[in-house]
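Let me begin by presenting the structure, written as structure tokens, before commenting on it.
Every read-out reported here was derived from the displayed coordinates using simple, explicitly stated rules and does not represent laboratory data. What you are looking at is a predicted structure, and each value in this text was computed from that prediction instead of being measured. Cβ placement follows ideal geometry from the backbone for every residue including glycine, while neighbour counts extend to all protein chains displayed.
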Ligand SMILES: [Zn+2]
């Protein structure tokens, strides 16, 4: 596993595990994920392609393509906290929040309350950053206090970290007549055993939480690292403009890919759930990302609406080490061959180099 040194401005705990999921995205993804998944309980190997129900959906899809998507943004209030000061985080934060407000689409941000502290002391200006999100019309969910890795800390400590992660969130939401309801696993690591998964589900439901899955998995964090490094380049403005342009195109390719994967697995395009992070690159491209997706015929919806799609009732049978898309988790549960997982768009080599990464 790569050390965090090559991207000093990204939090180390974010880098290595995400890198692992990027490594798994290299070909052949299916083989990598399937072979690392020790869980053998799954449906029959026949898949859903022959299911008359999904067949009907495929039929419907030909006439009225269902293109709905949820915008979810992780690591609030700002990815680089607490590694940088509040003052350093604020300009990007303000740009992102302004862009969210301007776009006017539903959005949900997932909070790491550990980022609200400096030297163990709560920073009121950082709590105010969360209020900015609510003021902009977004809602907030729980992403644990310390960006905990379930696979590393184990279920009891993880549950503690979830509760520790709502000490500011709960009163903030309550003041607006809301309460924490959505939970996003850091690194999308959702458990190495069926027992852990069931235990976490039970815990979350006891605390009125639901898991917020991700279907459009991607490596925005690598692009974001390159974008930070580009600021130091001689031709910074030109380089950053190119990064922004190609990043939006990369995200478009990811959305096309997961649309195809959904149709291949389910027979229709499910309401997609998209993950990006609260970083400078997304602050500078948010409006373009939204427009790009809308141009593809997508309509942004809230998580609750998306989760009403029956696909999200499927069991996540994946117990491997990485954090793949839920579409791929279900495909693994159906024992899809390695070829099913191929052809996923990759981060171009020049962006990897700029991010100080040698390979995905
Ligand atoms: Zn995260």
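Under the shape rule built on the C-alpha gyration tensor, where the axes satisfy a ≥ b ≥ c, the range 287-360 is oblate, since a/c reaches at least 1.5 while a/b does not exceed b/c. For the range 89-167 versus the range 230-252, the spacing of their alpha-carbon centroids is 26 Å. Taking 7 Å steps out from each Cα toward its Cβ at residue 84 and residue 338 produces label points 4.1 nm apart. Note on residue 178 and residue 308: the model spin-label points, each 7 Å out from Cα along the C-beta direction, lie 1.9 nm apart. Based on the Stokes-Einstein relation at 4 °C and a viscosity of 1.567 mPa s, and on the Kirkwood radius from alpha carbon pairs, the range 132-203 is assigned a translational diffusion coefficient of 100 µm²/s. For the range 167-252, the equivalent ellipsoid built from the Cα gyration tensor has semi-axes of 37, 19, 11 Å, listed from largest to smallest.
If R0 is taken as 35 Å, the Cβ-Cβ distance between residue 264 and residue 127 corresponds to a FRET efficiency of 0.20. With a Förster radius of 41 Å applied to the C-beta separation of residue 253 and residue 152, the computed FRET efficiency comes to 0.80. The value obtained for the range 77-175, namely the Cα convex hull volume divided by the number of residues, is 103 Å³ per residue. As a ratio to 2.2 N^0.38 Å, the alpha-carbon radius of gyration computed for the range 245-289 takes the value 1.32.
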